[in-house]
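Every read-out reported here was derived from the displayed coordinates using simple, explicitly stated rules and does not represent laboratory data. For clarity, every value in this text was computed on a predicted model and none was experimentally measured. Virtual Cβ from ideal backbone geometry, glycine too; neighbours counted across all protein chains shown.
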Amino acid sequence: MRLIQPFDPWRSSLCTCPPKYSLNPYTGCQYGCRYCYITSYIPRGFNPRPKKDFLKRLEKEVANLEDSLPVAISFSTDPYQPLEKIYGYTRQALRILREYGVPVLITTKSTLVERDIDILAEMDAAVSITITTHRAEVARAVEPGAPSPRDRLETVSRLADAGIPVAVRIDPIIPGVTDRARDLEELVRSASEKGAGHIVSSVYKAKPDNLRRIIKTIPWFQEVYRELYRGPRISGYRYASTTYREEILRTVRSLAHRYGMTFITCREGLEHLDDKDVYCDASHLLRRR
Ligand code: SF4
């Protein structure tokens, strides 16, 4: 199986991003976010391992790429999870992609991406930092392995200072847990102050395994789920009601605009809330577009 694959989020009709490739240096992710969906399709999803012969295979595949689509690293496991400190596959992948002039889109919760600012600054690259809440105790509960929100915001700042375009993903918003208006405002304001130019947001979509984990961590979420998750079932995910999603995403949208950033939703089917000519993978921030 090839390492570089056309990005295809489960053939979701709700994905509005332009074509790109996907590359995951690791299988699985150490961060163990309660809402994560990878455990529904990656066996032992929270026990990550490096891909076999990764660098050798990657070099060959990049050399044979026939187009100049961006490569997304990595949209289904965190490329800067702690394993990266041991193997350094993400850094090596960036070196190879830089050599061949391939644009990259990074999505991470990790401060370790700062280590690679030297390479990213010399590439056509955009980085999305996921921050679901600015409240440290809530983040610890729902994203137990990931760096604190404050540290992630500092990473936004360091990337922006280095001239690397940065988006912040408030993704997912967990109803009743991370959706307080004043918390969202604090987060959006901080993202803007730190130099992010774009906000991407979506509401938690339930699958049986991530729902079990959230309820185990936050037992009262069961009530929220019962009341709110009456929206459509799409690609195996149960959505919150459209009324709720419209309302909360409209709130984030107006906050993003108030603080001078663009806004888009992600796989919500609510395109009327999205700004024009921007994408949830942040590819509009690439220089080469
Ligand atoms: S960082 Fe992303 S891939 Fe890793 S556990 Fe959290 S949601 Fe899943």
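Dividing the summed -39500 (n - 2.57) terms of all DSSP H runs of n ≥ 4 by the residue count of the chain sets its mean residue ellipticity at 222 nm at -10000 deg cm²/dmol. Summary value for the range 5-285: 18 percent relative contact order, contacts being C-alpha pairs under 8 angstrom separated by 6+ residues. If we count other beta carbons within 10 Å of each Cβ, what is the order of C17, C33, fewest first? By the 10 Å Cβ count, ascending: C17, C33. What do you get for the angle between helix 242-258 and the principal long axis of the chain? Use alpha-carbon atoms, 0 to 90 degrees, nearest ten. Roughly 60 degrees, rounded to the nearest 10. For the range 17-61, what class follows from the C-alpha gyration tensor (a ≥ b ≥ c being the square roots of its eigenvalues): rounded when a/c is under 1.5, otherwise prolate if a/b is larger than b/c, else oblate? Here the range 17-61 falls in the oblate category. Under 17 Å from a label point set 7 Å out along the Cα-to-Cβ vector of A121, the amide N atoms of the range 53-97 belong to 95.
Which FRET efficiency value, to the nearest 0.05, do you get for K85 and T242 by plugging their Cβ-Cβ distance into 1/(1 + (r/R0)^6) with R0 = 41 Å? FRET efficiency, K85 to T242: 0.45. The three principal axes of the Cα atoms in the range 5-285 give end-to-end lengths of 51, 41, 34 Å, sorted in falling order. Couplings 3J(HN,Hα) for the range 175-188, derived from phi with the Karplus relation 6.51 cos²θ - 1.76 cosθ + 1.60 (θ = phi - 60°), are x, x, 10, 10, 10, 5, 4, 5, 6, 4, 5, 4, 5, 5 Hz, where x marks Gly and Pro. Peptides 225-235, 100-110, ordered by how many other C-beta atoms sit within 10 Å of their residues on average, highest first, read 100-110, 225-235. Residues whose amide H lies under 5 Å from that of K20, counting only those 5 or more places away or on a different chain, are F7; hydrogens are built 1.01 Å from N in the peptide plane. If you plug the beta carbon distance of R250 and Q5 into 1/(1 + (r/R0)^6) with R0 = 35 Å, you get a FRET efficiency near 0.55.
The convex hull drawn around the Cα atoms of the range 141-265, when projected onto a plane and averaged over every direction, covers 7.9 nm².
Using bins of 5 Å that start at zero, the share of Cα-Cα pairs per bin across the range 216-283 amounts to 3, 15, 21, 20, 17, 13, 8, 2, 0, in whole %. Work out the FRET efficiency for R140 and D161 from their Cβ-Cβ distance, taking R0 = 35 Å, and round it to the nearest 0.05. Efficiency for this residue pair is about 0.80.
In the range 5-285, what percentage of the DSSP-assigned beta bridges are antiparallel, given to the nearest 5? Roughly 25 percent of the beta bridges in the range 5-285 run antiparallel, per DSSP. Calculated on the Cα set of the range 1-41, radius of gyration then Dmax: 12.1, 29 Å. Against the main long axis of the alpha-carbon atoms of the chain, helix 89-99 sits at an angle near 60°.
Applied to the range 36-44, the Karplus parametrisation 6.51 cos²θ - 1.76 cosθ + 1.60 on θ = phi - 60° returns per-residue 3J(HN,Hα) values of 5, 9, 5, 5, 7, 9, 10, x, 6 Hz, with x for Gly and Pro.
In the structure shown, do any of K20/K216; K20/K194; K52/K85; K60/K109 have a Cα-Cα gap over 25 Å, and if so which? Beyond 25 Å between Cα atoms: K20/K216; K20/K194; K60/K109.
Diffusion coefficient (Stokes-Einstein, Kirkwood radius over C-alpha pairs, 25 °C, 0.890 mPa s) for the range 58-131: 196 µm²/s, rounded to a whole number.
Projected onto their three principal axes, the Cα atoms of the range 1-105 cover extents of 37, 37, 21 Å, largest first.
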